Amino acid sequence: MKKLLALVLVLVMALGAVRAQSGQLEIFSWWAGDEGPALEALIALYKAANPGVEVINATVTGGSGVNARAVLKTRMLGGTPPDSFQVHAGEELTGTWVVAGRMEDLTFLYEREGWFDAFPKDLIDLLTYDGGIYSVPVNIHRSNVMWYNPAKVAEWGIEVPATWDDFLAICPTIQAAGVTPLVVGEAWTVNHLFESVALGVLGAEGWNGIWTGAVDPAGAEMVAVFEKFGEILACSNIKEDAAGLSWQQAIDKVVNGTAAFNIMGDWAAGYMVTTLGLTPGEGFGYAPAPDTSGVFMWLSDSFGLPTGVANRDNTVAWLALLGSLEGQNAFNPLKGSIPARVDAVDAAPDLYNDYLKSAAADWASNTLVGSLVHGTAANERFMGDFNQVMEIFLASGNANAAATAMSVICVQSGACGG
Amino acid sequence: MRSPRDRMLAFWMLMPSVLMIAIFVYFFIFRAVQTSLTDWGASGAPPPLIPNVEKKFVGGQMYEALFTDLLDFPFRNAMTNTFFFTVFFVGGCLLFGLLLALLLDQNVKGEGLFRTVFLFPMSLSFVVTGTIWRWMLQPGGGINILPQTLFGAEPLTFRWMNSRDVILPFEWANVPNYLTLIGFAIVAFYAANLFMKGRMRAAQYGIAAAVVMLAVVLSGVWQYIWPPLDNPAMEPSIAPKGFNLALVGIIIAAVWQMSGYTMAMFMAGIRGIPDELREAARVDGCSEIGIYRYIILPQLNPIMLSAMIVLGHISLKIFDLVFAMAGPDNAQTIVPGIMVYTKGFRENQFAKASAIAVIMLVTVGVIIVPYLWSQLRTTKR
């Protein structure tokens, strides 16, 4: 009886809480810890502009949103969506929430704010589904960056490889010096390396072809990708301590010279600048991943407007802030990412370090392609099942088997065109 | 005789729990089974998270895929891992728990202190344990460099969390035969025991059951029931079945955490044995070792069984320890609990996730139900 009473009481209180929400805005994200201050800066801006609104900052920790996405699902399915939630722009949003009809079209906001000119067309194309645009990108990260330690590279007498063949050629030299040529970490960082290798081997058009159906995932091109990937992994620490390393620890190895190169997204620059206190270009060097010069493989954190939220007007104001010059320049220098707007860095160049300036220049000029591992190019089902493809390849070393498995998950997930 | 008033009171007192258990346990079990028989999330179309999504009934398709589909090899590895994890975790806890309990039984000084120290790990959550042991078992640090730090010897290079070395290999197709043989061994052992004790009637049933099991294995009837793999040639090369050495670290951590608890159970059992029994044995000229062998250990049998059940259901459902130690994406240490989470909440394959959950429920049931049944029967008698 007591339990029942308690339950009824909790329910009544919960209902009351929902009712009283009119002057609130709940922001759901996985930006805690290092990334917290960047979000706080945005919230401060929002509060200054909308003093009457109480902002609820709901964060669920866990890198790349691994835990937040699960919590979000229970809330969306339970009919209590947060007013706005963080999601990787692209298929992670479209393939899960937009196709399910749970997001509102934001084209009106894009028109009102003039964002069609502010964001690159390639980006807007990837945000568009069935004629509608469903999220506002706050920041851009680049996936295909190779990091190294310039002093060590000079000491070993090697050139920074521009192609994977160059890399494979210098691999024995680096190994002879007792250094790991390429460092990888836990499972997802191996997938992360894979997307850069695949982009290098297939080129931008070929990479996009996987997702449009123009490239056969079981065909000779994909087999070649896996074969090259196998050769590259043979120059890595995958058979040694890889699985125990976080991406930060992998970067540490590059910084302290026990490994030569690492392919990681450019949040690594934020880590090296902020946490390790290094200067871009001196303490660490960067280059596009081999064979991917001129191509920018991007991923983006974005926010959308779920249907049926409690505080729609507050949310629209929030989204407008996210896409504004002011909002993007408040957030990105702290997050260590570049603004999605092409005009933002020029408006306030002092806020950005050398790495971010070079990335912003590439963002404005390069061919843009979406990342697989970080939710831009493929839906969640494909991303999950891709772990099995990778495991098949890592366990058997069989490029044909991996490519075949990839074609199977392509069909099952519906991620590859059609 | 209870008065009607008492009965009414009892009814109303029990009602809320009964109602809630009915809804939150049994109704949801029913829903999980129901969901597992649909195609919810099996393909991208219709989108699995659409409001009022249509869930088509497809019967045992999800189960069949789990047991045969090449791409579902993680499930089969997860079941294999669970088996070995359970065997070594339960065995390890019983061994160390008993050892510690027997040592503490020697009237050592500061017994209370030791008891507390041994029990401490249990007060931690599996997540804390997992994180600590994850650090200690880093391939390039912790235990691996211990010999170097202590004696300047070569550091170990064992890959605790992601070793691909598999010992005790077996073929997936032979699994039901092995399981039947294990069942045969257990039943035969009990039957022999009953026979020795002269309980002929019960022994006859046991022998009959054992003979049936042996006949099942010898006749090869399983190969008509057990679904064959879609790609039996490929499976061993991508996902060999056997005891994966990457589990060793997790087993160590789990045993470290739970053997103190097992010790406490055994201690309680030992303390419950009246001193008169020991004294009588001594008077009859029994040695100290003999006392343990013939007096103490046989008395601990029910405790041992209870401990096995408690530990067994923990290990079958293990999630947090593996999640904290190896992460959800580490193929070598995958367990069914983690698969439910990733399949359901990451990949939106809700039907398949439910199917795995139902299979987990059945495996736990296989252990718990006979135990509860025998317990209820004993209390009735």
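General observations
- Here the calculated FRET efficiency for B:Arg164 and B:Arg271, from their Cβ-Cβ distance with R0 = 56 Å, stands at 0.75, rounded to the nearest 0.05.
- Modelled FRET efficiency - R0 60 Å, A:Glu326 with B:Ser306, Cβ distances, 0.05 increments: 0.40
- Couplings 3J(HN,Hα) of the stretch A:305-319, computed from phi: 10, x, 6, x, 7, 6, 10, 4, 4, 4, 5, 4, 4, 4, 5 Hz, in residue order, whole Hz [Karplus 6.51 cos²θ - 1.76 cosθ + 1.60, θ = phi - 60°; x for Gly and Pro].
- For chain A, the relative contact order comes to 27 percent (Cα pairs under 8 Å, sequence separation of at least 6).
- Exposure here means at most 12 other Cβ atoms within 10 Å; with GluC sites (Glu not before Pro) in a DSSP loop as sites, the longest stretch of chain A lacking them is A:1-158.
- Taking label positions 7 Å along the Cα-Cβ direction at both B:Asn52 and B:Leu297, the computed distance is 6.7 nm, reported to one decimal.
- Neighbours of A:Ala320 by Cβ distance under 9 Å: Lys/Arg scored +1, Asp/Glu scored -1, total 0.
- Highest-fluctuation residue, B:Ile338, B:Ile289, B:Ile309 considered, GNM on chain B with Cα pairs under 10 Å: B:Ile289
- Fully extended contour minus Cα-Cα distance, from B:Ala10 to B:Ala202, at 0.36 nm per residue: 65.3 nm
- Counted charge near A:Ala169, where neighbours are those whose Cβ lies closer than 15 Å (Asp, Glu -1; Lys, Arg +1): -4
- Residue-count net charge about B:Glu111 - beta-carbon cut-off 12 Å; Lys, Arg +1, Asp, Glu -1: +2
- Magnitude of the charge dipole for the protein assembly as shown, about its Cα centre and with charges confined to Cβ atoms of Lys, Arg (+1) and Asp, Glu (-1), is about 4760 debye.
- The stretch B:1-89: trypsin sites (Lys or Arg not before Pro) falling in loop per DSSP and having at most 14 other Cβ within 10 Å: B:Arg2, B:Lys56
- FRET E, pair A:Ile56, B:Ala280, Förster distance 56 Å, beta-carbon r, rounded to 0.05: 0.20
- Residues whose placed amide H lies under 5 Å from that of A:Ser29, excluding near-sequence neighbours: A:Ala58, A:Thr59, A:Val60, A:Gln86
- With 0.36 nm allotted per residue and the present C-alpha distance subtracted, the A:Ile124-A:Gln24 stretch has 33.1 nm of extension available.
- Label-to-label distance, nm, for residues given as A:Asp117 and B:Asn193 (7 Å Cα→Cβ offset): 8.5
- Separation of alpha-carbon centers, the stretch B:336-367 and the stretch A:267-294, rounded to whole Å: 41
- Straight-distance crosslink candidates among lysines, where the alpha carbon sits under 29 Å from B:Lys197 and sequence neighbours closer than 8 are dropped: B:Lys380
- Positive-pole candidate from B:Gly198, A:Phe382, B:Pro328, dipole of the protein assembly as shown, charges at beta carbon: B:Gly198
- Dividing the alpha-carbon radius of gyration of the stretch A:311-418 by the rule-of-thumb value 2.2 N^0.38 Å gives 1.49.
- Span-like helix ranges in chain B, DSSP H, alpha carbon extent 30 angstrom or more, Kyte mean at least 0.5: B:73-104, B:175-196, B:247-271, B:350-380
- On Cα atoms only, tilt of A:380-396 relative to the major axis of chain A in degrees: 20
- Remark: C-alpha extents of the protein assembly as shown on the principal axes read 96, 75, 60 Å, sorted largest to smallest.
- Distances between placed amide hydrogens fall under 5 Å for A:Ala289 paired with A:Val145, A:Met146, all partners being 5 or more residues away or on another chain.
- Taking N as its residue count, the alpha carbon Rg of the stretch B:80-380 over 2.2 N^0.38 Å: 1.16
- When the protein assembly as shown is described by a simple charge dipole with +1 on each Lys and Arg Cβ and -1 on each Asp and Glu Cβ, the residue from B:Pro155, A:Gly219, B:Phe266 located farthest towards its positive end is B:Phe266.
- Ranking A:Val309, A:Val295, A:Asn332 by Cα position along the charge dipole of the stretch A:294-418, where only Lys, Arg, Asp and Glu carry charges on their C-beta atoms, puts A:Val309 farthest toward the positive end.
- Each part reduced to its alpha carbon centroid, the stretch A:160-189 and the stretch A:109-156 end up 27 Å apart.
Read-outs throughout are calculated quantities, based only on the coordinates presented, and are distinct from any laboratory measurement. This is a predicted model, so every value here is computed, not measured. Positions of Cβ are backbone-derived with ideal geometry, glycine not excepted, and every protein chain shown enters the neighbour counts.
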